[in-house]
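K.L.:
Quick one: the structure is below, questions incoming.
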Amino acid sequence: MFLCVFVIYVRYFLLVSLYSMNKLYNNNEILIMFYRLLLIIIPLCFSGAAYAESFFNKVLTNEPGEMGYKYVSLTFVDNRTFDSGISFYGSFPLANNVVVDTYYEALSDITVIGVGGLLHQTTGLIDDADINLAAGFRRYSYDAGGSDSGLVASLGVRKEMNPDFELNTKATLAFVDDTDLEVEVGAVYEITNALHLDGKVTFADTDKLNIGIRYYLD
């Protein structure tokens, strides 16, 4: 009952916020777009109290999710604004559905460092898939001098299409300098039990392509 009331309250809060932002921040299209995205995603991911209750109950009882989260990845990055470089990502479980992660990206004109945490679990809404809720800290350091830093929050889905192939997507709101919306679409293909091909496309103010490898540590 509490979760049902909570979901209704969140949707009401977002609607009121969206109305206020349209009146107060007519020029901030990215932030308004993200609120509209949330209004779509929330009923899809938590279309009833049963899905929300299933998610949080499994998190609280430490029940394993569908996907593996103990891995590192190394990818080549082609960035529309900052040329090319490499990126490293590491994901390390603290419990069955609680993860800490770190991110490092070195491009020709900028270095990005990130650290955060992630909750993941199934909801019963999508078969063979995990819903991911994440938050963290991100810092940009520019070769020309100066830096920016701030918080990021994201909502994502990892879906196992078959034992060898995964599709994933994620929407991220980054409060770094400006407020930016980033949408990622990716795929992972198993070469061996530990070694996988890893690729994704990110649509944002600076669109980019990542292609590389992912190595599972289990």
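The values are calculated or read from the model by the stated rules, or taken from the named source; none is laboratory data. Just so you know, these numbers come straight off a predicted model, no measurement behind them. FYI the Cβ positions are ideal-geometry reconstructions off the backbone, even for glycines, and counts take in every protein chain you see.
K.L.:
Given the criterion under 18 Å from PHE76 (Cβ atoms), buried (at least 18 other Cβ atoms within 10 Å of the Cβ) and at pLDDT 90 or above, identify the matching residue among ARG214, ARG158. Lay out the reasoning, then the answer.
P.N.:
Numbers: ARG158 fails: under 18 Å from PHE76 (Cβ atoms).
Result: ARG214 is the single residue among ARG214, ARG158 that is under 18 Å from PHE76 (Cβ atoms), buried (at least 18 other Cβ atoms within 10 Å of the Cβ) and at pLDDT 90 or above.
K.L.:
Which ranges mark the strands (runs of 3 or more DSSP E) fully within the stretch 80-187 that have 3 or more residues being touching a residue at least 24 places away in the same chain (Cβ under 8 Å) and touching an Asp or Glu at 6+ places or on another chain (Cβ under 8 Å)?
P.N.:
Answer list for the stretch 80-187: 83-95, 110-121, 129-142, 147-162, 165-176.
K.L.:
State which residue is modelled with the lowest pLDDT when the search covers only the stretch 164-182 and only residues that are hydrophobic (A, V, I, L, M, F, W, C) and exposed (fewer than 15 other Cβ atoms within 10 Å of the Cβ).
P.N.:
Applying the first criterion (hydrophobic (A, V, I, L, M, F, W, C)) to the stretch 164-182 yields 165, 167, 171, 173-176, 181.
Now drop any that are not exposed (fewer than 15 other Cβ atoms within 10 Å of the Cβ), which leaves 165, 167, 175.
Details: PHE165: 95, LEU167: 95, PHE175: 92.
Ranking the qualifying residues of the stretch 164-182, first place goes to PHE175.
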